Each structure stands twice: as C-alpha cells, then as structure tokens.
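Contents: one structure, followed by commentary.
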Amino acid sequence: MIRFQRLTPGLLNAWLVDQHLANTHERYRLRVWRENRASFDAIRTELIAYVDEALEDARRRIRRGFEDDLSPFSDPADDPAANYPALLHRITLQGYLGETLAVLAVEHWGAHGHTDWLVPAFLFRLHDQEFQHLEAINERLIAGEAYDPDRVAERRPGRTGDDGLAFRINGEYTITDVLTLEAKCLAQNDNAKIEEAHQKLVAGGLRPSGVRELINLLEDYDTPEAHAWQEALLRLWREGYRVAMRHDGIGYACGRIPARAGRVAWMPTGAPHPAYTAPRRLEGMEFQFEDLTTVVNTLYRGA
C-alpha cells in the first residue's frame, strides 16, 4: 500500500449526501450522492490532502530520471512536474476527479457488501500522453508563450485500460476479490458516455489489465508493504485471477442534478444498463454536483 489518506466520515457524509435509493435487483445496486455545496469548505483541506497523495505519486514518476540528490527541484522552472496537474485541460482533470471519486466511495462506503476494499495506487499516474504534453507546456512557458490550458487544442486522449482497481486481501496476503472500476466525470449528463462505461466493463476479462500496471508501478517503492502487494498481485496475475471473485463498478460524476420531477439519478436505477450484459454483479456510484467547476479548480488548480 502506498496510499494512506482517508477522510473524516462525518465531513464526507455532510458534503456528499447519500440519497438512499431502494435497490431490489439481485445483481445491481445504484447509490447516489448529491453535493451539499455549503459543506465543501469544511472538508476542503482533507480532500486536497487525499487528492495530493495520488498526485504526488504521479509527480514522482514524472521526475524520475531527472533527479539529482545534490540539486533538488527547488526552482519550479527546473521541475518537470511543477505544473502538474494544474495546466492540463479541464477534461483531463475531470477524468482524474471521476477516478478519485470512484475510489473514494469504495474506500469509505464499501461496495458489493464489503467495506474492506483496498486501493494500493491510482492508475492515472500512468497517463503518459499527458506527461509528454506537460513537457511541451513547460517548454512553451519557459519560452514566454501565452498558454490557455482549456483550449480545445490542448485536449489529449484519456488513458486506456482500467480506471481503478480495488482488492480484498486475506491474512495470507492472497487477493480474494477484485473490483474493476470504470469512471466518468462530465459537466453535463451524457447518456452515450454512460453506455460506453458499461460496454467497457463488459469487454474486460477476469484478469484486469491494470493488475500488470500496478505490479510495475510498485517497483518504484522499496517498502515491505509495497513488496508484499507486488507479490500478491503477481500471484493474482499468474493463476489467482481464476479463483478470485471479479466484481464491477461504475463511478459517474456529473455537474448537473436532475431537474425532472421524480428523477433522482442519471444512471438506471432498477436494473443494470442494457449495455451491461456480463453475468457479474455491478455497483453503480453516481455523484451529482452543484458546482463541479469549483471542486475541480480547488483540488487540481489550487484555486
């Protein structure tokens, strides 16, 4: 485990308020949390620390190979990670927020009947296209060029592969359950994106691609716990995936709250989306925001 930050439950529950949907489907549950904007300031500091832990992991990867113990990055102009992620396009930052919210929900509220899920690392620290983009951004800034991060031309494709992976692990450090997470975060509701998320989960196999990425990622951490996780993931990759229970989850964050009378969610409530044809159990996690822009700016742009 290279992540340790958690949020105070009372503050989290006051900010993201559970709408307590009734669920009767045997293989599907949807939970909806709605932002209470008035409670954001109380949890702001904790949220920034929670997010920054994951971002610092990404910064370490960006800096790897450039570091000099005798000359640390004390000057932002020399730091290849100085503008990460603040100067990336807003769509990228929304994507990071969507992945973070999905993990946050699983870690703090559980999923699929269990509350002991663990997420050793966020996978967006492997977003190489944006890291290459960041290098070009820094060169332009050094050259004195004007830069608007939210121009259409600054958009880059999202990272391929799993958006997040959570695990349950027993006392022998054997992984017993795997939860594959697909995340979306949009300013406006988009039914096509909801369908796309379900289709992506259906296409996934018993051995999620993100397992290999996590194994490689943990090479960067020389701690007993990181080594133990790496060994557990190697066993899962080789044969363990055949017996570990596979679960699916979708995190859908939207900057709009349904206005139509009687509608409480953008995602299907009573049954899985028709595009989800897998026989596995599916957990839907929807987050509705009054002010998504402020959340993104606060957590990723230091506003």
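The values are calculated or read from the model by the stated rules, or taken from the named source; none is laboratory data. Values in this document were obtained by computation on a predicted structure and should not be read as measured data. With ideal geometry, Cβ positions are generated from the backbone for all residues, glycine too; neighbour counts draw on all protein chains shown.
Condition check: among the hydrophobic types (A, V, I, L, M, F, W, C) and over 20 Å from residue 106 (Cα atoms). Does residue 153 satisfy that?
On the way: among the hydrophobic types (A, V, I, L, M, F, W, C): yes; over 20 Å from residue 106 (Cα atoms): yes.
So residue 153 passes the test.
Can residue 256 be described as of a type outside the set (A, V, I, L, M), over 28 Å from residue 173 (Cα atoms) and in contact with a strand residue (DSSP E or B) (Cβ under 9 Å, 6 or more places away or on another chain)? Steps first, answer last, please.
On the way: of a type outside the set (A, V, I, L, M): yes; over 28 Å from residue 173 (Cα atoms): yes; in contact with a strand residue (DSSP E or B) (Cβ under 9 Å, 6 or more places away or on another chain): yes.
Answer is yes for this residue.
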task: Could you tell me which of the residues 177, 190, 222 is modelled with pLDDT under 95 and out of contact with any helix residue (DSSP H, G or I) (no Cβ under 8 Å at 6 or more places or on another chain)?
output: 222
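Yes/no per residue for (1) more than 22 Å from the chain's Cα centre (by Cα); (2) surrounded by 15 or more Cβ atoms within 10 Å (Cβ to Cβ); (3) within 30 Å of residue 172 (Cβ to Cβ); (4) touching a residue at least 12 places away in the same chain (Cβ under 8 Å):
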residue	(1), (2), (3), (4)
233	no, yes, yes, yes
290	no, yes, no, yes
293	no, no, no, yes
298	no, yes, no, yes
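Determine whether residue 210 is at pLDDT below 90, in contact with an Asp or Glu (Cβ under 8 Å, 6 or more places away or on another chain) and small (Gly, Ala, Ser). Explain how you work it out, then say what you get.
Working: at pLDDT below 90: no; in contact with an Asp or Glu (Cβ under 8 Å, 6 or more places away or on another chain): yes; small (Gly, Ala, Ser): yes.
It is false that residue 210 is at pLDDT below 90, in contact with an Asp or Glu (Cβ under 8 Å, 6 or more places away or on another chain) and small (Gly, Ala, Ser).
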task: Go through segment 6-41 residue by residue and tally those that are out of contact with any strand residue (DSSP E or B) (no Cβ under 7 Å at 6 or more places or on another chain) and loosely packed, with under 15 Cβ neighbours inside 10 Å.
output: 12
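How about segment 35-57: which of its residues are of a type outside the set (A, V, I, L, M, F, W, C) and touching a Phe, Trp or Tyr at 6+ places or on another chain (Cβ under 8 Å)?
Step one: of segment 35-57, the residues of a type outside the set (A, V, I, L, M, F, W, C) are 35-37, 39, 41, 44-46, 50, 52-53, 56-57.
Hits for segment 35-57 are 35, 36, 39, 53, 57.
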message: Kindly evaluate residue 126 against the criterion of being closer than 28 Å to residue 254 by Cβ and either in contact with a His (Cβ under 8 Å, 6 or more places away or on another chain) or at pLDDT 95 or above (or both).
response: no
- request: Would you check if there is a residue in segment 249-270 being farther than 19 Å from residue 31 by Cβ, in contact (Cβ under 8 Å) with a residue 24 or more places away in the chain and among the aliphatic types (A, V, I, L, M)?
  value: no
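Test residue 47 against the stated conditions and say whether it is under 24 Å from residue 272 (Cβ atoms), hydrophobic (A, V, I, L, M, F, W, C), at pLDDT 95 or above and out of contact with any Asp or Glu (no Cβ under 6 Å at 6 or more places or on another chain).
Working: under 24 Å from residue 272 (Cβ atoms): no; hydrophobic (A, V, I, L, M, F, W, C): yes; at pLDDT 95 or above: yes; out of contact with any Asp or Glu (no Cβ under 6 Å at 6 or more places or on another chain): yes.
For residue 47, the condition - under 24 Å from residue 272 (Cβ atoms), hydrophobic (A, V, I, L, M, F, W, C), at pLDDT 95 or above and out of contact with any Asp or Glu (no Cβ under 6 Å at 6 or more places or on another chain) - is not met.
Within segment 282-292, does at least one residue satisfy the condition of being within 20 Å of residue 176 (Cβ to Cβ), in contact with a strand residue (DSSP E or B) (Cβ under 6 Å, 6 or more places away or on another chain), assigned to a strand (DSSP E or B) and modelled with pLDDT of 95 or more?
First, pick out the residues of segment 282-292 that are within 20 Å of residue 176 (Cβ to Cβ): 282-283.
From what is left, the residues that are in contact with a strand residue (DSSP E or B) (Cβ under 6 Å, 6 or more places away or on another chain) are 282-283.
Still in the list and also assigned to a strand (DSSP E or B): 282-283.
Next cut, modelled with pLDDT of 95 or more only: 282-283.
Yes, the conditions are met somewhere in segment 282-292.
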- request: Output yes when any residue across segment 8-23 is in contact (Cβ under 8 Å) with a residue 12 or more places away in the chain, hydroxyl-bearing (Ser, Thr, Tyr), within 19 Å of residue 106 (Cβ to Cβ) and assigned to a helix (DSSP H, G or I), and no when none is.
  value: no
